[in-house]
Amino acid sequence: MVSSEYERRIAARFATFDQDGNGWIDREDFSGAAKALLAEFRTAARSVKGQALYAGAEAFWQGMAGIADRDGDQRITREEFVNGAVKRLHDSPDRFAEIARPFLHAALDLAAAPDGTASVEDTARVLRTLGVQDDIARSAAGTLDTDGDGRVVEAEIVPAVARYFTVSE
Ligand code: CA
Ligand code: CA
Ligand code: CA
């Protein structure tokens, strides 16, 4: 039996990917997320960091489409998401980490100091820009800092995001 709590969580994940809220996930949602992050962190699309973010967004989209776009129409519907992505990502969280990593790496890079680590506050800014509610973004960013040193690194963010999206019943 599918619990309503589970359905609510899946709906929240779908909404996170469906950045423009038009009811399906497609390439525009990923490039739109990249564009919003570049605007938030005042980074030019043509810059090295900007190019890395767009390349990461495209790889993320391609990876998700490969997993979930069963009919190949370049859109992931809610049904494809629930029946394809959720199940298959749950079965292979490492695969999700692999397809999300370049985007997450580039997003963290935008927010990061020269040492490659980002403050919890700037990590929350990334999450807010991706549409996460302010209070949830703050607590999530704090949780991402697993060793509690006040900085968030890729080694902390990738597994955490993979866990979030590979939710199970
Ligand atoms: Ca969309
Ligand atoms: Ca489709
Ligand atoms: Ca840390």
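Some observations on this one:
- Of everything in the stretch 35-68 that is among the polar types (S, T, N, Q) and part of a helix (DSSP H, G or I), the residue that is nearest to ligand 3 (Cβ to nearest atom) is 51.
- Only one entry in 71, 149 is farther than 19 Å from residue 53 by Cβ, charged (D, E, K, R), assigned to a loop (DSSP other than H, G, I, E, B) and within 16 Å of ligand 3 (Cβ to nearest atom), namely 149.
- Taken over the stretch 5-17, residues that are of a type outside the set (Asp, Glu) and modelled with pLDDT under 80 amount to 1.
- Condition check for residue 2: hydrophobic (A, V, I, L, M, F, W, C), away from ligand 2 (no atom under 14 Å from the Cβ) and at pLDDT below 95: yes
- Subset of the stretch 40-53 (residues that are open to solvent by 40 Å² or more (accessible area, probe 1.4 Å) and touching a residue at least 24 places away in the same chain (Cβ under 8 Å)): 40, 49, 52
- Subset of the stretch 88-131 [over 12 Å from residue 41 (Cβ atoms), under 11 Å from the mean Cα position of the chain (by Cα) and assigned to a helix (DSSP H, G or I)]: 96, 97, 99, 100, 101, 102, 103, 104, 105, 127
Conditions tested, residue by residue: (1) farther than 20 Å from residue 56 by Cα; (2) open to solvent by 60 Å² or more (accessible area, probe 1.4 Å); (3) at pLDDT below 90.
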position: 110; (1), (2), (3): no, no, no
position: 113; (1), (2), (3): no, no, no
position: 120; (1), (2), (3): yes, no, no
position: 124; (1), (2), (3): no, no, no
position: 128; (1), (2), (3): no, yes, no
position: 136; (1), (2), (3): yes, yes, yes
position: 142; (1), (2), (3): yes, no, no
position: 150; (1), (2), (3): yes, no, no
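- All positions within the stretch 27-39 that are open to solvent by 30 Å² or more (accessible area, probe 1.4 Å) and over 17 Å from residue 125 (Cα atoms): 27, 28, 31
The values are calculated or read from the model by the stated rules, or taken from the named source; none is laboratory data. Note that the coordinates shown come from a computational prediction; the quantities given were computed from them, not determined experimentally. Quick reminder, even Gly has a Cβ in these numbers, built from the backbone with ideal geometry, and neighbours come from all protein chains shown. Only protein heavy atoms, including side chains, enter the accessible area calculation; ligands, DNA and RNA are left aside. Shrake-Rupley method; radii C 1.70, N 1.55, O 1.52, S 1.80 Å.
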